[in-house]
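The values are calculated or read from the model by the stated rules, or taken from the named source; none is laboratory data. Computed from a predicted structure; not experimentally measured. Positions of Cβ are generated from backbone atoms using ideal geometry, with glycine treated the same way; all protein chains shown enter the neighbour counts. Quick note on the areas: whole protein, heavy atoms, side chains included, nothing else; ligands and nucleic acids left out. Shrake-Rupley method; radii C 1.70, N 1.55, O 1.52, S 1.80 Å.
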Amino acid sequence: MAELNTGDGGGGKNGGKVRSKKQSSKVDLTAMVDLAFLLITFFMLTTSLSKPQSMDLSLPDKNPDETKKDETKVDENRTMTVMLKADNKMTYYMGLLEAPKVGPKDIAYGKDGIRRELLKQKQNVLAYSAAKGNPGKGIIVIIKPTKKSNYRNLVDILDEMAITGVDTYAIVPEFTPEETKLAEKN
């Protein structure tokens, strides 16, 4: 009779058991490394593109000297006051409220509202300053947010200052009694 080949190569010493070859346990990680580098590159690029933009804002000194309280006199023909009121409403006037040059008028936010008026008044003030012999002096905007106005309105008006190129503006949360009455009137 013929002998059976047991596959052990030794002539059947293992009692007919077949020995299997052990596979190597190496895993190819090339694809995973490529994916990791792609993800790192993607997140680095998106975080550098999505940096928040900020506007420089000059603030007064933290410890003002109470004994030296000088009031700065400003030409009322160059001054525009913008009062931010409740429900996204706004009122502006030029000059002093007791004797305004323009206004007080309610106006809307945006390019057809306050932006157009700021550009118009800026040109008027530049012409007025040039006639007075001070061609470099532009408009001064006083922004007065009421307690009922919201933060978004303040940011919107600061954006309008940047868009229209108004260099001199101040945020003043103090109101005269006449301005308080005007702010409460809707």
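Brief remarks on what is shown
- Within segment 24-47, if we keep just the residues that are among the small types (Gly, Ala, Ser) and modelled with pLDDT under 85, the residue that is nearest to the chain's Cα centre (by Cα) turns out to be Ser25.
- Residues that are assigned to a strand (DSSP E or B) and in contact with an Asp or Glu (Cβ under 9 Å, 6 or more places away or on another chain), drawn from segment 85-99: Met90, Thr91, Tyr92, Met94, Gly95
- Boolean, Ile107 is touching a Ser or Thr at 6+ places or on another chain (Cβ under 8 Å) and without any contact (Cβ under 8 Å) to a residue 40 or more places away in the chain: yes
Residue by residue, here is whether (1) free of Cβ contacts under 8 Å to residues at least 40 places away in the same chain; (2) of a type in the set (A, V, I, L, M); (3) surrounded by 17 or more Cβ atoms within 10 Å (Cβ to Cβ); (4) assigned to a helix (DSSP H, G or I) holds:
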{"site": "Gln123", "(1), (2), (3), (4)": "yes, no, no, yes"}
{"site": "Ser129", "(1), (2), (3), (4)": "no, no, yes, yes"}
{"site": "Asn134", "(1), (2), (3), (4)": "yes, no, no, no"}
{"site": "Gly138", "(1), (2), (3), (4)": "no, no, yes, no"}
{"site": "Ile157", "(1), (2), (3), (4)": "no, yes, yes, yes"}
{"site": "Glu160", "(1), (2), (3), (4)": "no, no, yes, yes"}
{"site": "Ile163", "(1), (2), (3), (4)": "no, yes, no, yes"}
{"site": "Leu182", "(1), (2), (3), (4)": "no, yes, yes, yes"}
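- For segment 100-118, the set of residues classified as within 21 Å of Asn153 (Cα to Cα), outside any loop (DSSP other than H, G, I, E, B) and open to solvent by 80 Å² or more (accessible area, probe 1.4 Å) consists of Lys105, Asp106, Arg116, listed by residue number.
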